[in-house]
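Here is the structure we will look at.
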Amino acid sequence: MYTTLQFARDEAKKYGVEAQFVLEPALSSFEIRRTDGHLVIAAPCDLELLYGVYECAEQFGGYTFFAPGHDHFDERLKVNPCTSNLPDGTLLPARPPRLKRRGFIQEFPFNSETPMLFDWMAKNKLNYLLVWMKYYDELSDALKQAAALRGIEIESGHHNFDYWIPGKTYGKTHPEFFAEINGKRITPSGNAELLLSEQLCTTNPELRAEIARRMLEYCDTHPEVHTISLVPNDGFGWCECENCSKFYDKNEKGDFYSLSEHVYKADRIYHDMVRDIAARVNRVRPDIQITLVAYVNYCAPSPGFTLNAGMAVHFAPYWRCINHEINDMHCPINSHYADDLRQWCKAKRGGEVNVYEYYMGVNFYLSLPMIHFHEMFHELQWYHDIGVDGILTQFHLPHWTVYGLNYYLMAKAARGADEATAINDILRRLFGPDAGEAKAFYNNIKQLLLTMGNCHIPYPDSLFRRTTPADYQRLLAQAQGLAAKAPADRFRQELVIWMDYLCRFKTLFDRIHASQATTEDVRQLLEWIHTHRATRIFVHERFDLYFQGIQEALRTGRKWLHFNIDWEDEYIRRHAEMLK
Ligand SMILES: [Zn+2]
Ligand SMILES: [Zn+2]
């Protein structure tokens, strides 16, 4: 079998890293040394040796692993650490990672880009990928091995009540497993796309036993999987049967910051189920980790709930403010998320806490700007300090030009890199002598967000309502200036298209709000976006979906705020009032 050690040797050859490998189990990470004029990579395990190879390729070999599928090479960045007259010694000391788990949340099926994703993750020392179970089912053995070789743990999970108890089959055999609403058991639709608010009767002991049985069976048939989840189907609506009703109070509503003021809290009913099922599974398989999510109306640990060994929570600061850092006590949204997160860390009894982030805004932020470079270093340090174990973020490859720097720097920050060094280094690598100008360009985008208002929840209305067309034209001119200095540089060309897009979307936004736009205008912008399929700026399917929504609003005369969901629109109205 091809091992991580052999792979590390092959990668060293590929990237011209001539180094001796030394295993030293006591080290906290790889360490790069020069001994007798030769390069040495010492590491506590094979995976850290591989990481050490990639580090050498970036630090000394002229490579930059910024864009998935493309190893950027620049001869001018090459340095030979062994030919100078410097004495032997440690070149890069071992440094414990700032966070143990570092990775991505994949909200889409595996595809032809998966190999380059795994490759990029290893090169940037990411070791965790959370995917939906239905997508994991489609992952080939070869790709599973490619992930394992690179030390990437794949969690088969996410929203999955329907995976453990499919409505299609259990609806017929066990109707009592499903939620009772208004005195009647729901008839599960069996339609995986429409599972919003289709829940289970979670206190039913037979249901719990059946889920535990199915989980154990799944782990037996998928021996490579170590982490699975127990996460409600997306949406709200819990069972209203007599027993389930004891676990929530319909008068005790959720909170404004977590978008759950309109529904009752479901933390107790959810956590009671997780505690019971995790204990059943861990009694048989203590090596299996069961994850739960914390957001909306189950954001904080319920009274007495503990994260025992074999359990992990993914805490999602859903619709957080991106103008303030997560632990900024002056932010009326984030400060509450920070409180919840502290509580989760206090609830640890051998279990783990991961933060589930959106370093691309959130769903339907649509390639609008989020520049979170410095903030991530501060946030990840704070996570480390309070006892958080991991950072995961949603992402897409097709919008890498827009958010790739967030992903790249998140990886650096999670490993423990120095903030200023890492940020200046990647700008220098991407922009060479124009790094200063590039820095000013990103700073100007950041300043626009910070000065348009106090808080900013990342959806289009929050941005476009408070900015002017001239703001984007200035940024476009700057991007054009950068591109003119290196006309062959694709990344710079794409920054121009990105800024051009912001100008166009802002114009459309203003015309819609002045009641001057037609569905044809919306169609034309969408068509313009689609002419840029060869770039890494847009996740095209997202735009199709969202722009259909805008057209729908125009046709029906509904005020376009976001995605035409009543309760979401209501929060957007309240944000506009409260977060000026
Ligand atoms: Zn029930
Ligand atoms: Zn804020």
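Here are some notes:
- Scanning segment 140-169 for residues that are part of a loop (DSSP other than H, G, I, E, B) and either polar (S, T, N, Q) or over 20 Å from the mean Cα position of the chain (by Cα) (or both) yields a count of 4.
- Test set (1) among the aliphatic types (A, V, I, L, M); (2) at pLDDT 95 or above; (3) more than 25 Å from the chain's Cα centre (by Cα) - Val263 fails condition number: (2)
- Test for Pro223: is it surrounded by fewer than 20 Cβ atoms within 10 Å (Cβ to Cβ) and away from ligand 1 (no atom under 16 Å from the Cβ): yes
- Across segment 197-255, the qualifying residues are those that are out of contact with any His (no Cβ under 7 Å at 6 or more places or on another chain) and among the β-branched types (Val, Ile, Thr), and the one among them that is nearest to ligand 2 (Cβ to nearest atom) is Thr227.
- Flag for Tyr270 being hydroxyl-bearing (Ser, Thr, Tyr) and either away from ligand 1 (no atom under 16 Å from the Cβ) or touching a Cys at 6+ places or on another chain (Cβ under 8 Å) (or both): no
- Residue count for segment 256-288, restricted to those that are away from ligand 2 (no atom under 16 Å from the Cβ), of a type outside the set (Lys, Arg) and touching a strand residue (DSSP E or B) at 6+ places or on another chain (Cβ under 9 Å): 18
- Checking Ala435, Ala479, Ala413 one by one, the residue that is buried (at least 18 other Cβ atoms within 10 Å of the Cβ), over 25 Å from the mean Cα position of the chain (by Cα) and either among the aliphatic types (A, V, I, L, M) or over 21 Å from Phe543 (Cβ atoms) (or both) is Ala479 and no other.
- Of the residues making up segment 339-360, one or more are within 16 Å of ligand 2 (Cβ to nearest atom), more than 21 Å from Gly157 (Cα to Cα) and surrounded by fewer than 23 Cβ atoms within 10 Å (Cβ to Cβ).
- Here is the figure for segment 505-528: residues that are crowded, with 16+ Cβ neighbours inside 10 Å and over 26 Å from the mean Cα position of the chain (by Cα) total 9.
- Restricting segment 326-338 to residues that are in contact with a helix residue (DSSP H, G or I) (Cβ under 6 Å, 6 or more places away or on another chain) and closer than 19 Å to Val353 by Cα, the residue that is farthest from ligand 1 (Cβ to nearest atom): Asn327
- Any hit, segment 69-86, residues being of a type in the set (Val, Ile, Thr) and either in contact with a helix residue (DSSP H, G or I) (Cβ under 6 Å, 6 or more places away or on another chain) or surrounded by 14 or more Cβ atoms within 10 Å (Cβ to Cβ) (or both): no
- The test for being surrounded by 22 or more Cβ atoms within 10 Å (Cβ to Cβ) and either not polar (S, T, N, Q) or not assigned by TED's automatic domain parsing to the domain that holds Val53 (or both) holds for His158.
- You will find that of His575, His562, the residue that is touching a helix residue (DSSP H, G or I) at 6+ places or on another chain (Cβ under 6 Å) and surrounded by 18 or more Cβ atoms within 10 Å (Cβ to Cβ) is His562 and no other.
- Restricting attention to segment 449-481, the residues that are in contact with a helix residue (DSSP H, G or I) (Cβ under 8 Å, 6 or more places away or on another chain), of a type in the set (Lys, Arg) and free of Cβ contacts under 8 Å to residues at least 24 places away in the same chain total 0.
- Tally of residues being under 14 Å from Ile269 (Cα atoms), modelled with pLDDT under 95 and not acidic (Asp, Glu) across segment 207-240: 6
- The one condition in (1) part of a loop (DSSP other than H, G, I, E, B); (2) among the aromatic types (Phe, Trp, Tyr); (3) touching a Leu at 6+ places or on another chain (Cβ under 7 Å) that Phe491 fails to fulfil: (1)
- Answer from Ala312, Ala278, Ala294 - the residue that is within 27 Å of the chain's Cα centre (by Cα) and part of a helix (DSSP H, G or I): Ala278
- Remark: pairs (first residue in segment 239-265, within 19 Å of Phe178 (Cα to Cα); second residue within 10 Å of ligand 1 (Cβ to nearest atom) and charged (D, E, K, R); Cβ separation under 6 Å; 6+ apart in sequence or on different chains) = Cys239/Glu180; Glu240/Glu180; Cys241/Glu180.
- Exactly one residue out of Asp276, Asp267 is closer than 30 Å to Asp220 by Cβ and assigned by TED's automatic domain parsing to the domain that holds Cys244: that is Asp276.
- For Ile457, the criteria (1) touching a Leu at 6+ places or on another chain (Cβ under 8 Å); (2) closer than 20 Å to Tyr365 by Cα; (3) surrounded by fewer than 20 Cβ atoms within 10 Å (Cβ to Cβ) hold in every case but one, which is (3).
- Of the residues making up segment 544-578, those that are in contact (Cβ under 8 Å) with a residue 60 or more places away in the chain and touching a His at 6+ places or on another chain (Cβ under 8 Å) number 4.
- Taken together, Ser112, Ser28 contain a single residue that is in contact (Cβ under 8 Å) with a residue 60 or more places away in the chain and assigned to a loop (DSSP other than H, G, I, E, B), which is Ser28.
Residue-by-condition table, conditions (1) more than 27 Å from Val496 (Cα to Cα); (2) within 16 Å of ligand 2 (Cβ to nearest atom):
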position: Phe538; (1), (2): no, no
position: Phe543; (1), (2): no, no
position: Ile550; (1), (2): no, no
position: Ala553; (1), (2): yes, no
position: Arg558; (1), (2): yes, no
position: His562; (1), (2): no, no
position: Ile572; (1), (2): yes, yes
position: His575; (1), (2): yes, yes
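- Selection within segment 74-109 - within 30 Å of Val355 (Cα to Cα) and either among the aromatic types (Phe, Trp, Tyr) or in a loop (DSSP other than H, G, I, E, B) (or both): Pro93, Ala94, Arg95, Pro96, Pro97, Arg98, Leu99, Lys100, Phe104, Glu107, Phe108, Pro109
- Scope segment 1-17; condition in contact (Cβ under 8 Å) with a residue 40 or more places away in the chain and of a type in the set (Asp, Glu); matching residues: Glu11
- Hey, Asn444 in the same structural domain as Arg511 (by TED's automatic domain parsing), under 24 Å from Thr535 (Cα atoms) and away from ligand 1 (no atom under 16 Å from the Cβ) or not: yes
The values are calculated or read from the model by the stated rules, or taken from the named source; none is laboratory data. Predicted model only: the values in this text are computed from it and were never measured. Methodologically, a virtual Cβ is constructed for each residue, glycine included, from the backbone with ideal geometry; neighbour enumeration extends over all protein chains shown.
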